[in-house]
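Read-outs throughout are calculated quantities, based only on the coordinates presented, and are distinct from any laboratory measurement. In this text the structure is predicted, and so the values were computed from the model without any measurement. Note that we place each Cβ from the backbone using ideal geometry, even for glycine, and neighbour counts take in every protein chain shown.
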Amino acid sequence: MSFLSLEVSHYLRHLLLAGLTAFAVPESMKIFCELHLKETVRAARAPRRARGKGGVKAGGCGEAEAAEEGLQGAVKKHQTHQASDGKGPLGRSSKAAPKTAGLSTALNYRGQVETGIITSGKATRVVEIYNEDETECITIGASGCLGRRAQRAKGTPPSSSRSRLGQTRLFAVAGQLDSRARAEVPGSTRTPEVREIVSSFTKIDADKIQLISKVGVFPVKQRLSDEVASKVVAIGVKSFNRPHQKYDHSVVVIGAGLGGMQTMIGLMQSGRKDIVCLERLSSFGGHSWLVVSNKYTKLQTESGNYHVDFGFPDEPATNEVEGDLYKTWPTRDQLLKMFRDAARKHNLGPVTKFNTNVEKVRPLPDGNGYAIYTTPYGQEDGEGELVVASAVLAWPGNLCNHREIEWPGEDDFDGYIAYASFSKVDYRQAEGKVCILYGHGAFTIENVRTLCEHKCKKVIVMCRKRNLCGMRVMSWLVGYLEMPLPGNILLEGMQKMYDLVGFDCWSAHCVKTDDKRSFAHVSQKTAFGVTDVYFLAGYYGLMEVLVDEIKRLTTNGAQTKKGKKIKCEVILKAVGVMPDPAIDKMLGLKELVGLWVNGDPLRSVCCNGMFVEAQNFGSFASGPPFAQLARVTRWFVDYPTDFETIRGTLPKLTGSPEKPAYVPTATHMLPTFSCFNLIPMLAAEMAVYGALKHTKQMARHPPKQYIAECRAEWEAYIRQWKKDGMIDDSKPEPPYPYTETMVQGWIDRTNMEWMQKAARQQQRLAQA
């Protein structure tokens, strides 16, 4: 089962790269830190050490930076404290490593300095900022990308890649990367900017924060013109911890699928104890995996980006569940084990009420919370329960009901007919028979594989429009890259597979491009189904695609609207799964404002996108955007007053019976995510979540190992089909279409494209 990530995560990354806020960070800078590029670390540290020895004068306060009397008194008090006991970061070594946030510094293509805030990762220079009593710390890190001048000075050619597959170094990152984003280039790491960062953490006026550092054995005040020292104390800051909003009632999460579980875990980790989850089904995992899928269904994207702990930087990608290997493409049952294992690990069972159906959610008359009316699921006459909540975070899911379709003559058809989802198919009926698979969405792609595994004679995929589907290596590549994969490179990679079935993917109805194919915009109403078997079966004639529609059924087959008569014995209706309009009514949703029901920051609703709408691709998987959505919705539970910062800019959406509002469109989600940049610290956290996609994909699925696994699966299907007598033994075996060299080329080109865009935008900004 595959779910397409919206172009949201990488669009947010574009906005961060563009510096929409004073503290935006280029994604590649942060990833650069994660890759442990020691050579750059040494190069960046050397001049810093030199400046640290004599670059700051003792005393030396200018007129513009004269502090208030209270701050001066605090500085003197701190100096006395340091001289008397010699303790603290300015006079002692820390006993515990601080929890870090960070400020990223990099050299751009002109050798100039760019800066921006990050909230995790290793850095080339670490700056520690302590609160007044030195019990808390945030960390500012300088993560550097050497500019071309610096590279040439070191004798290194200005190349964008290393020789090893997947080891990519970016040398030019700065400026605006997308025409939709308009902003200034970030500022510096001097005292005023750092005070602003501390202010954004603490909500203390920046003018009331004073930074002091150590020169020799004496602590002195940082001047406004100073670059921040390696260790400073923020006088005026009692604590960096911003207090969370407290509530009278529980925070309720609706749904115990992937998003709901991540939301619960995040709430717990932030210290909330009064949490309740209401789940209609009897276990963790969500409707998609517990009901819609069947025992043959597999995760179509990579498991490294699909697990409950994805959103936690310190948690490695899951590789074992309940004592069994968590495979690269796990089955439904393995996925359900993963959900159960994560629920035990995080103790979610005691706070989850299973078999509980939510009838409606309505605000309390006094405005201090919400009434949630529930009934026992499956018991029409069961006694309901009223749950009172202070916040309601809903993850209702959008794969609710299969589309229904009937043809004239179904009663006359002598073969087997079934819907292809909701475990309605007995695949044993397909062995040795010609099957019509009606539709061309993600479920169709899944069923081509399953029918071939059950030794069907042939699969005829019949559809009104031939949508694009993905293949394993391109899905991996989109998840692996630090930067979004441009659409033209994606289609170039897709064509390697489509050549096997004689189809030009650039000519697909959903693709917009130019004569030079210099870009590709994909717009289709279904997610990419991801598989290699679809193409291998097409090469051997086990599968063919017929763009047509069934007009009526006969005793032994189907007649099409284009006049064809097709003999078949099995027909599977893979016409898609729809969201439920009743969910809008249940939530009392009149208007979706961003992600929030009627513009209420304490009532969010999130689900997966059901479309492709992108020119650059950040992920085929739903794991990365779900983690981001879970964090966003929790942010406004913790800090509801921040919602007023974005309320006026959030897009609004009203629903209809055909298109319920709780399932937003791409044109709604893209501007929604861009609004989060108006809150600097939220934007910084979102950038970190975006980076996890790359780091966890790299750790769980190294490129050489992944391509080898894909090749082995490809060859195993060929051997099995020959053994079962399903294919012509004399037809040449097709080699696996992708190689490590080919993939490395796409990685290099992607990085170079983004660097060139950054350079061009930098030039435009300089000329403006």
### Task
Give the calculated FRET efficiency between residue 728 and residue 322 to the nearest 0.05, with a Förster radius of 41 Å applied to their Cβ-Cβ distance.
0.45
## Note on the structure
Full extension between residue 659 and residue 268 adds, at 0.36 nm per residue less the Cα distance, a length in nm of 137.4 nm
### Length released on extending from residue 347 to residue 641, taking residue separation times 0.36 nm less the Cα-Cα span
102.8 nm
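Quick one: 694, 521, fewest Cβ neighbours within 10 Å first, how do they rank? Mind showing how you got there, number by number?
Numbers: 694 22, 521 15.
Ranking 694, 521 by Cβ neighbours within 10 Å, fewest first, gives 521, 694.
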### Message
What number results when the radius of gyration of region 571-649, computed over Cα atoms, is divided by 2.2 N^0.38 Å?
### Response
1.34
#### Entry: Solvent-free Debye scattering, log10 I(q)/I(0), computed from the Cα coordinates of region 652-768 at q = 0.11, 0.21 Å⁻¹
-0.79, -1.19
## Note on the structure
The summed charge of the residue 418 Cβ neighbourhood (under 9 Å; Lys/Arg +1, Asp/Glu -1) stands at +1
### Message
If packing is taken as the average number of other Cβ atoms within 10 Å across a peptide's residues, how do 598-606, 618-626, 374-382 rank, most packed first?
### Response
618-626, 598-606, 374-382
### Query
How many nm separate the modelled label positions at residue 521 and residue 314, each set 7 Å beyond the Cα in the direction of the Cβ?
4.4 nm
## Note on the structure
Contour minus Cα-Cα span, residue 412 to residue 567, at 0.36 nm per residue, comes to 54.4 nm
### Task
Enumerate the amide H contacts of residue 377 below 5 Å, restricted to partners 5 or more residues apart or on another chain; note that Pro and chain-start residues carry no placed amide H.
356, 357
### Query
Between residue 544 and residue 506, what FRET efficiency follows from the Cβ-Cβ distance if R0 is 25 Å, with the result rounded to 0.05?
0.75
### Query
In nm, to one decimal, how far is the modelled label at residue 585 from the one at residue 552, with both set 7 Å along Cα→Cβ?
3.7 nm
### Summary
Taking R0 as 56 Å and r as the Cβ-Cβ distance between residue 719 and residue 764, the FRET efficiency 1/(1 + (r/R0)^6), rounded to the nearest 0.05, comes to 0.50
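Please report the orientation-averaged projected area of region 341-485, defined via the convex hull of its C-alpha atoms, in nm².
16.2 nm²
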### Query
Which of the GluC sites (Glu not before Pro) found in region 575-646 are loop residues per DSSP with 16 or fewer other Cβ atoms within 10 Å of their Cβ?
591
